[in-house]
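Taking it in order: structure first as structure tokens, then the write-up.
No value in this document is a laboratory result; all are computed from the given coordinates. As the structure is a prediction and not an experimental result, all values here were calculated from the model. Don't worry about glycine lacking a Cβ; one is built from the backbone with ideal geometry, like all the others, and counts go over all protein chains shown.
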Amino acid sequence: MSIASSRARLLSHPAGWLATGFGSGLSPIAPGTVGSAAALLPWLLLRELPLIAYLLVVLATFLAGIWAAGWVIRRIGQEDPGVVVIDEFVGLWLALAAAPAGWLWALAGFALFRFFDIAKPWPASWADRKLKGGFGAMVDDAFAGLYALLALQAGAWWLN
């Protein structure tokens, strides 16, 4: 099956659109980074919400992401394929949940999230190895997002 037909098959279903971050995960180079960058666009709207509403959107996206990632995993037959980037959306949104105002803080949160997503400190590494399906695809990035949130908040505290 060609790459073009694989993409068309994924994008023929709402789960494919969601799991691929509205197509950003189909990037041939660094889909996780591209997906994380794409997650900044909706974050510009999310950051205006009260914290509880923000967290409810993140939770709803996490739950929808389990379904969407599971759908893609079943279609592709591969655990946590690179095209699934809805987990990057959730992870980055967690990292930036309480980010101080300003683009430097957003970029720092982005960089921290990408670092923790790649490094996968425990329990993200455990989740990445042991948990399967849509939940497994989502949860390791949620851990990376929480680590990035803590690091960003520590940096903000230290600088103030």
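Worth a mention:
- Charge sum, other residues only, whose C-beta stays under 15 Å from Ala137's C-beta, Lys/Arg counted +1 and Asp/Glu -1: -2
- Rounded to the nearest Hz, the phi-derived 3J(HN,Hα) couplings of the stretch 79-87 under the Karplus curve 6.51 cos²θ - 1.76 cosθ + 1.60 (θ = phi - 60°) are 6, 6, x, x, 5, 7, 10, 4, 5, where x marks glycine and proline.
- For Thr20, nonlocal amide neighbours, meaning residues 5 or more places apart or on other chains whose placed amide H falls under 5 Å from its own, are Val85.
- Calculated FRET efficiency for the pair Lys130/Trp17, C-beta based, R₀ 35 Å, to 0.05: 0.80
- Span from the the stretch 33-65 Cα centroid across to the the stretch 92-147 one, whole angstrom: 13
- Residue-by-residue Karplus 3J(HN,Hα) for the stretch 59-68, coefficients 6.51, -1.76, 1.60, Hz, glycine and proline x: 4, 4, 5, 4, 5, 5, x, 4, 5, 5
- Of Thr61, Thr33, the sequence from fewest to most neighbouring Cβ atoms within 10 angstrom is Thr33, Thr61.
- Over all other residues within a Cβ to Cβ distance under 10 Å of Phe113, the charged ones net out to -2, with Lys and Arg as +1 and Asp and Glu as -1.
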